[in-house]
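Read-outs throughout are calculated quantities, based only on the coordinates presented, and are distinct from any laboratory measurement. All values reported here derive from a predicted model rather than from experimental measurement. Positions of Cβ are backbone-derived with ideal geometry, glycine not excepted, and every protein chain shown enters the neighbour counts.
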Amino acid sequence: MKVLGLLVVGYAALCLFVYLTQRSMIYHPTPPASGAPASRLTLEVDGAVLQSWVVQREGRRALIYFGGNAEDVAASAAPFAAAIPDRTLVFAHYRGYGGSTGAPSEAALVGDAIALFDHLARDHDDIAVIGRSLGSGVAVQLAALRPVGSVVLVTPFDSLVSVGQAVMPWLPVSWLAKERYDSVRAAAQVSAPVLMLVAGKDRVIPLRHARALREAFPAAQVHWVEAEEAGHNTIHAWPLYYREIAVFVR
């Protein structure tokens, strides 16, 4: 009986630890970028000052890029600028990332994405969004709440709860999760065309999660592209990566 009591206490302690530390498991902020082939956009929002890299172009078309949980989005500026010459490109640093102040959370990141979209919408009529990995959860929620022109989801997932439960099946993840990123639920409110670009050898977010998200959209809304030999962290090296995105947001 005593052993059982110790096991219960230990399990409860583990649950409490996961609950309290989950944001440090999800978010891995990058240091301020030393430079990129772009200018900076500084945006003051509630509780933070956000820094984004901007490749400025003529015209009223733009694109916002939301990166992964440990991604320095400044590194993506040059290849995207070469692939997409006719849109202003904005690479958003989340709170706590790349010189942005504040602490990341789902509510904060989605709110910041909305603020950034609204800022750009003053001068741009057509704004596409790209979300990679964690950023796909931000991009889907933004697209559900604002009239984006098109949505690109790179190595996306159905919900962070679903991913976490698969990784930690012994824990009640649904009860513990503060950060949920429920893209399946948000998908019902997205009216823009969607490109889902997935990695065939994704060991971080298995393809079943992306397939579950695909089923949440009407079939005609989604263009599915699978880089069969790519991994979660190497999909950008797939030879057709930038071309597929550029053609879709054209």
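Please give me, ordered by residue number, the GluC sites (Glu not before Pro) of the stretch 216-250 that lie in loop per DSSP and have at most 14 other Cβ atoms within 10 Å.
Glu228, Glu229
Within the stretch 47-71, which residues have the backbone N less than 16 Å from the label spot 7 Å out from Asp86 along Cα→beta-carbon, could you tell me?
Only 57-63 fall inside the zone, counting backbone N under 16 Å.
Find out how many positive minus negative residues lie around Glu179, taking Lys and Arg as positive, Asp and Glu as negative, among other residues whose Cβ is under 9 Å from that of Glu179.
+2
Could you calculate the FRET efficiency of Arg185 with Arg60 from 1/(1 + (r/R0)^6), where r is the beta carbon distance between them and R0 is 22 Å, rounded to 0.05?
Given R0 = 22 Å and the Cβ-Cβ separation, E is 0.10.
Provide the gained length on full extension for the span Arg146 to Gln221, in nm with one decimal, where the gain is 0.36 nm per separating residue minus the Cα-Cα distance.
Gain in length upon complete extension: 25.3 nm.
Over what distance in Å are the Cα centres of the stretch 53-74 and the stretch 118-188 separated?
For the stretch 53-74 versus the stretch 118-188, the Cα centre distance is 17 Å.
Work out how much length Tyr242 to Arg203 would gain on full extension: take 0.36 nm times their residue separation and subtract the Cα-Cα distance, in nm to one decimal.
Working: separation 39, 0.36 × 39 = 14.04 nm, distance 2.17 nm.
Net length gain for the segment: 11.9 nm.
With contacts defined as alpha carbon pairs under 8 Å and 6 or more residues apart, what's the relative contact order of the chain in percent?
Relative contact order for the chain comes out at 16 percent.
Let me know the charge dipole size of the chain about its Cα centre in debye, to the nearest 20, where only the beta-carbon of Lys, Arg (+1) and Asp, Glu (-1) is charged.
Details: 21 positive and 21 negative charges, 69 e Å.
For this selection, approximately 340 debye.
What nm distance separates the two modelled labels at Ala12 and Arg211, each placed 7 Å from Cα along Cα→Cβ?
With each label placed 7 Å out from Cα toward Cβ, I get 4.1 nm.
Note the full-extension length gain between Val167 and Arg40 as 0.36 nm times their separation in residues minus their Cα-Cα distance, in nm to one decimal.
Difference between extended and current length: 42.0 nm.
Can you put His209, His232 in order, fewest other beta carbons within 10 Å first?
Least crowded to most crowded, the residues run His232, His209.
Could you tell me which helices of the chain pass both thresholds, a Cα extent of 27 Å or more along their own axis and a mean Kyte-Doolittle hydropathy of at least 0.5, with helices taken as whole DSSP H runs?
Values: long enough: 2-26 (35 Å, 1.52).
Sorted by number, the helices that extend far enough and score high enough are 2-26.
Return the loop-located chymotrypsin sites (Phe, Trp or Tyr not before Pro) in the stretch 112-213 (DSSP other than H, G, I, E, B) with at most 15 other Cβ atoms within 10 Å of their own Cβ; answer none if there are none.
Within the stretch 112-213, the qualifying chymotrypsin sites (Phe, Trp or Tyr not before Pro) (loop, at most 15 other Cβ atoms within 10 Å) are Trp170.
Please give the peptides 194-202, 25-33, 98-106 ranked by average Cβ packing (other Cβ atoms within 10 Å per residue), highest first, as a rough proxy for protection.
194-202, 98-106, 25-33
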